[in-house]
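**Student:** Got a structure for you, written out below as structure tokens; questions coming shortly.
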Amino acid sequence: MKHSYWRLFAVLPYAAALASNILIPPVIEIDELPFRGLLAALTAYFGTRGLLALRGGPYAEALDRGARFYGAVGVVFMVWDVLSSKTGVLPLPFFPGPAQIMEVMFRERSAHAVNCLYSLRLFAAGFAAGSLFGSVSGILIGWSDRWHYWLFPIMKVVGVIPAIALVPLVLIVMPDTFSTAVALVAISAWFPVAFTTARGIRSIDRTYFEAARILGASDFYMLRKIAIPGAVPAIFTGISTATGIAFSTLVVSEMIGARGGLGYYINLAMGWMNYASVYAAIVIMAILFISVLTAINGIKNRLLAWQKGLIK
Amino acid sequence: MIDYDETKTDLPVGAFPAVALPVVVEVKNVTREFRDDRGNGIVALDNVSLSVRQGEFVSLIGPSGCGKTSLLRLIAGLDEPQSGEILADGEPVTGTSHERGYVFQQANLFPWKTVEENVAFGLKARGVYAQRRSDVAEYLEMAGLKGFERAYPHQISGGMAQRAALVRSLINRPKALLLDEPMGALDSFTRMDLQEKLLELWQSFGTTMILVTHDIDEAVYLSDRVVIMTPRPGRISEIIDIASPFPRNRSSAIFVELRNRVLEKFHLAGAEPPVEYII
């Protein structure tokens, strides 16, 4: 039971940060309620988890494992808050405090929501197109020697070019800025998916194909039932890599002439020297990105249930 | 439905008048050469001829590199000879066929399919699943895999996986089943268990069996005939009839004598030199 003190450490810094925020007056004009709301919510959250952990078991172990990190984040909140809004040690406007960021997030929540949706729409369209096109071309290159001969060298050369370098070309080809951004995101997602898929199919054990053929499978049946399911782990490795690359392409392409989205919002806020908004957008971006990754992981775990417990 | 012949099981299969039955697999003067990394030719099979009759259980035995697996792959249609001919049911072999099932050394079940889906694979691939759907459960039960239908291959033991691989081939009702050291990777208890299962399935289906093995006991225990092969170049040196009725007793005097005879021929065949090539 020696770890149970760490449970206190998970909750106490948030309570202390809340107390210091209420007790110390700010040196700038600021609405601190959203930040206090966040700290109160986190205090309540970790307090509840601590109470639930009193019953012991794996739930308590999970909390004990994470407690030091959770608590450290609370300490950072408190110190950061004191150094910025409370004392002005960190120079403004470049380094706003957590309370200012929360203030912006709360005040401009509808603008953020709209820009999030813009980014998500662009991501969904570009990423879906890129990974679909990537897995199809990867399957063709991995499956057929002829496709491999002609396309693999091209893919290797085109794939290493950062999508952003293609902006001038894509701008000429595409009719408007949205489709330009979609194309850029799609291109950046395409390469990692296509490459790992092709490699995945090529590395499937030859005897699976031999066994399938002897059992009476046609070439097309083997493609559908052996090559593609066998390549799914590789496809998802590619998709995970592609998510990060596509996301950074997304933000950059939104900065060059889009009319909405988190990248656009950051550019706009920077123009107004509104750094609190910039940081707010970055925080939202991180949350958005983590959610997308979690969703993709969920799909992957469902599709790869056959691998569970398999040590390769 | 399984073609189960009541009268067959009571008869000692080895005592069948094999001569009267048609030849299912015929290997005629087959030569197969491979090239190693340095481009040197290795003769895996040199002018090999062999006939296997319907319902026969034939074992190919020999040291590594004697070409026994190469021969099996040629019969399966997974490979082509440089010269000579292989006939299955009188027709030249030009590729694989579900009429000639193949069981690999590693069970080779598709890891992304459940045991049940693996067994049903041949039926689905050939488009006969709709008519024969109920067979899947029957074959799974024969393999002692009831209750493991939904398991993935990595969740079952090696012996279970091989039994699943056996019925996955047998569900296609092949004329011949080619077995490439299917018991090589198993521990001795599991191996004996699988040998019994194999005999049981052979006697109930009457499928022609060609088994590649390096285990003399296994060959003598299971086969009507044992084909002894020698390496470099791969040749058949001797074919021994095992005229002993089933079920065989591994410790009986006649079994021990037969085993010793095979062992003696094996040594006479000069199966001593160290292994340099594994084909």
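The values are calculated or read from the model by the stated rules, or taken from the named source; none is laboratory data. Predicted model only: the values in this text are computed from it and were never measured. For neighbour counting, all protein chains shown are included, and Cβ atoms are generated from backbone atoms with ideal geometry for every residue, glycine included. The protein model used for the area step is the full one, side chains on, heavy atoms only, and it has no ligands, DNA or RNA in it. Shrake-Rupley method; radii C 1.70, N 1.55, O 1.52, S 1.80 Å.
**Student:** Calculated FRET efficiency, B:His214 and A:Tyr59, Cβ-Cβ r, R0 45 Å, to nearest 0.05?
**Tutor:** The computed FRET efficiency comes out at 0.25.
**Student:** Something else: Just the number, please: Stokes-Einstein D of the protein assembly as shown in µm²/s, Kirkwood Rh from C-alpha pairs, 4 °C, 1.567 mPa s.
**Tutor:** Numbers: Rh = 29.6 Å.
Value of D from the Cα-based Kirkwood radius: 44 µm²/s.
**Student:** Of A:Ile154, A:Thr237, A:Met273, whose Cα points farthest to the positive end of the dipole of region A:109-307 (charges on the beta-carbon: +1 Lys, Arg; -1 Asp, Glu; origin at the Cα centre)?
**Tutor:** A:Thr237
**Student:** Under the classification rounded if a/c is under 1.5, otherwise prolate if a/b is larger than b/c and oblate if not, where does chain A fall, given a ≥ b ≥ c as square roots of the Cα gyration tensor eigenvalues?
**Tutor:** The shape class here is oblate.
**Student:** Among B:Asn40, B:Asn172, B:Asn29, whose mean-square fluctuation peaks in a Gaussian network model of chain B (Cα, cutoff 10 Å)?
**Tutor:** The residue with the greatest mean-square fluctuation here is B:Asn40.
**Student:** For region B:108-173, I need the span (max minus min coordinate) of the C-alpha atoms along each principal axis, in Å, sorted largest to smallest.
**Tutor:** Over region B:108-173, Cα extents along the principal axes are 30, 22, 18 Å.
**Student:** On the first, second and third principal axes, largest extent first, how far apart are the outermost C-alpha atoms of region A:4-95 in Å?
**Tutor:** 47, 19, 17
**Student:** What dipole magnitude, in Debye to the nearest 20, does region A:4-95 give about its Cα centre under +1 on Lys/Arg Cβ and -1 on Asp/Glu Cβ?
**Tutor:** 380 debye
**Student:** Return a whole-number percent for the relative contact order of chain B, with Cα pairs under 8 Å and 6 or more residues apart as the contact set.
**Tutor:** The normalised contact order for chain B reaches 27 percent.
**Student:** Note the full-extension length gain between A:Met174 and A:Met270 as 0.36 nm times their separation in residues minus their Cα-Cα distance, in nm to one decimal.
**Tutor:** Full extension of this stretch gives 31.8 nm more.
**Student:** Got a sec to turn the phi values of region A:234-249 into Karplus ³J(HN,Hα) couplings, 6.51 cos²θ - 1.76 cosθ + 1.60 with θ = phi - 60°, whole Hz, x for Gly and Pro?
**Tutor:** 5, 4, 6, 4, x, 5, 4, 4, 5, 4, x, 5, 5, 5, 5, 4
**Student:** Please list B:Asp187, B:Asp46, A:Asp81, A:Asp31 from largest to smallest accessible area, probe radius 1.4 Å, with all protein chains kept in place.
**Tutor:** Result, largest first: B:Asp187, A:Asp31, B:Asp46, A:Asp81.
**Student:** Taking a 1.4 Å probe, which of A:Trp272, A:Trp80 shows the most accessible area, and what order do the others take after it?
**Tutor:** If we order A:Trp272, A:Trp80 from most to least accessible, we get A:Trp272, A:Trp80.
**Student:** Distance between the C-alpha centers of region A:250-273 and region A:133-151? Whole Å please.
**Tutor:** 36 Å
**Student:** Another one. Could you derive backbone 3J(HN,Hα) for region A:280-286 from the dihedral phi with the Karplus parameters 6.51, -1.76 and 1.60 (θ = phi - 60°), listing whole Hz in sequence and x where the residue is Gly or Pro?
**Tutor:** With the stated coefficients, region A:280-286 comes to 4, 5, 5, 4, 4, 4, 4 Hz.
**Student:** If I take every Cα pair under 8 Å that is 6 or more residues apart in chain A, average their sequence separation and divide by the length, what percent do I get for the relative contact order? Walk me through the intermediate numbers first.
**Tutor:** Details: 378 pairs, mean separation 57.9, N = 312.
RCO, chain A: 19 percent.
**Student:** So which residues in region A:184-226 end up with at least 20 square angstrom less accessible surface once the other protein chains are there, compared with the chain by itself, probe 1.4 angstrom?
**Tutor:** A:Thr207, A:Tyr208, A:Glu210, A:Ala211, A:Arg213, A:Ile214, A:Leu215, A:Gly216, A:Tyr221, A:Lys225, A:Ile226
**Student:** If you don't mind, there's one more thing I want to ask. Most fluctuating residue of A:Pro229, A:Pro13, A:Pro25 in a GNM of chain A with Cα springs under 10 Å: which is it?
**Tutor:** Its mean-square fluctuation being the largest, the pick is A:Pro25.
**Student:** Turning to a different aspect of this structure: For chain A, give the percent of accessible area contributed by carbon and sulfur heavy atoms, probe 1.4 Å, rounded to a whole number.
**Tutor:** The C+S portion of the solvent-accessible surface of chain A is 71 percent.
**Student:** To the nearest 10 degrees, how steep is helix A:33-52 against the longest Cα principal axis of chain A, on a 0 to 90 scale?
**Tutor:** 70 degrees
**Student:** Could you give the accessible area per residue of region A:1-72, probe 1.4 Å, as a whole number in Å²?
**Tutor:** Counting only protein heavy atoms, the per-residue value for region A:1-72 is 61 Å².
**Student:** Quick one: net charge around B:Thr213, please, counting Lys, Arg +1 and Asp, Glu -1 for every other residue with C-beta under 11 Å from its C-beta.
**Tutor:** Summing Lys/Arg as +1 and Asp/Glu as -1 gives -3.
**Student:** Let me ask something else about it. Calculate, for region B:108-173, the solvent-accessible area per residue in square angstrom, rolling a 1.4 angstrom probe over the heavy atoms of the protein chains.
**Tutor:** Ligands and nucleic acids excluded, the figure is 38 Å² per residue.
**Student:** Over chain B, with a Gaussian network built from C-alpha contacts below 10 Å, which listed residue (B:Leu74, B:Leu178, B:Leu186) shows the highest mean-square fluctuation?
**Tutor:** Checking each option, the largest mean-square fluctuation is seen for B:Leu186.
**Student:** Could you state how much accessible area is buried at the A-B interface, both sides summed, with a 1.4 Å probe, in Å² to the nearest 100?
**Tutor:** Details: alone 17570 and 13380 Å², together 28890 Å².
Approximately 2100 Å² gets buried when A meets B.
**Student:** How big is the dipole moment of the protein assembly as shown about its Cα centre under a simple scheme where the beta carbon of each Lys and Arg is +1, that of each Asp and Glu is -1, and everything else is neutral? Debye, nearest 20, please.
**Tutor:** So the dipole magnitude of the protein assembly as shown works out to roughly 1580 debye.
**Student:** I'd like the accessible area for B:Ser237, computed on protein heavy atoms only with a 1.4 Å probe and all protein chains in place. Round to 10 Å², please.
**Tutor:** 50 Å²
**Student:** Near A:Val27, within a Cβ-to-Cβ distance under 15 Å, what is the net charge of the other residues, with Lys and Arg +1 and Asp and Glu -1? Intermediate values should be presented prior to the final figure.
**Tutor:** Numbers: positive: A:Lys86; negative: A:Glu29, A:Asp31, A:Glu32, A:Asp81, A:Glu103.
Around A:Val27, the surrounding residues sum to -4.
**Student:** Would you give the gap between the C-alpha center of region B:28-101 and the C-alpha center of region B:124-171, rounded to a whole Å?
**Tutor:** Here the two parts' Cα centres lie 28 Å apart.
**Student:** For region B:256-261, just list the computed ³J(HN,Hα) in residue order, Karplus coefficients 6.51, -1.76 and 1.60, θ = phi - 60°, integers in Hz, with x standing in for Gly and Pro.
**Tutor:** Using θ = phi - 60°, the values come out as 4, 5, 4, 4, 5, 5 Hz.
**Student:** If the limit is 22 Å between Cα atoms, which of A:Lys308/B:Lys124; A:Lys225/A:Lys300; A:Lys225/A:Lys308; B:Lys175/B:Lys197; A:Lys300/B:Lys113 go over it?
**Tutor:** A:Lys308/B:Lys124
**Student:** Suppose R0 equals 51 Å. What FRET efficiency, 1/(1 + (r/R0)^6) with r the Cβ-Cβ distance, do B:Ser188 and A:Ser240 give to the nearest 0.05?
**Tutor:** Once rounded, the FRET efficiency stands at 0.70.
**Student:** While we're here: What does the accessible area of B:Thr207 come to, in Å² to the nearest 10, when a probe of 1.4 Å is used?
**Tutor:** For B:Thr207, the solvent-accessible surface is approximately 10 Å².
**Student:** OK, next. For A:Trp150, A:Trp6, write out the residues from largest to smallest accessible area, computed with a 1.4 angstrom probe and no ligands counted.
**Tutor:** A:Trp150, A:Trp6
**Student:** Give me the accessible area per residue for region A:119-250, probe 1.4 Å, as a whole number in Å².
**Tutor:** 46 Å²
**Student:** Additional query: Quick check: the angle from helix B:158-170's long axis to the longest principal axis of chain B, C-alpha only, nearest 10 degrees?
**Tutor:** So the inclination is approximately 90 degrees.
**Student:** Let me ask something additional. Net charge around A:Val292, counting only other residues with Cβ within less than 14 Å of its Cβ (Lys, Arg = +1; Asp, Glu = -1)?
**Tutor:** It works out to a net charge of +2.
**Student:** Here's another thing I want to ask about it. Within 10 Å of each Cβ in peptide B:104-114, how many partner chain Cβ atoms are there on average? Round it to a whole number, please.
**Tutor:** 5
**Student:** Here's something else I'd like to know. Can you send over the solvent-accessible area of B:Ser134, 1.4 Å probe, protein chains only, in Å² to the nearest 10?
**Tutor:** The value for B:Ser134 is about 80 Å².
**Student:** Take every Cα pair under 8 Å in region B:108-173 that's 6+ residues apart, average their separations, divide by the length, and report that relative contact order as a whole percent.
**Tutor:** 49 percent
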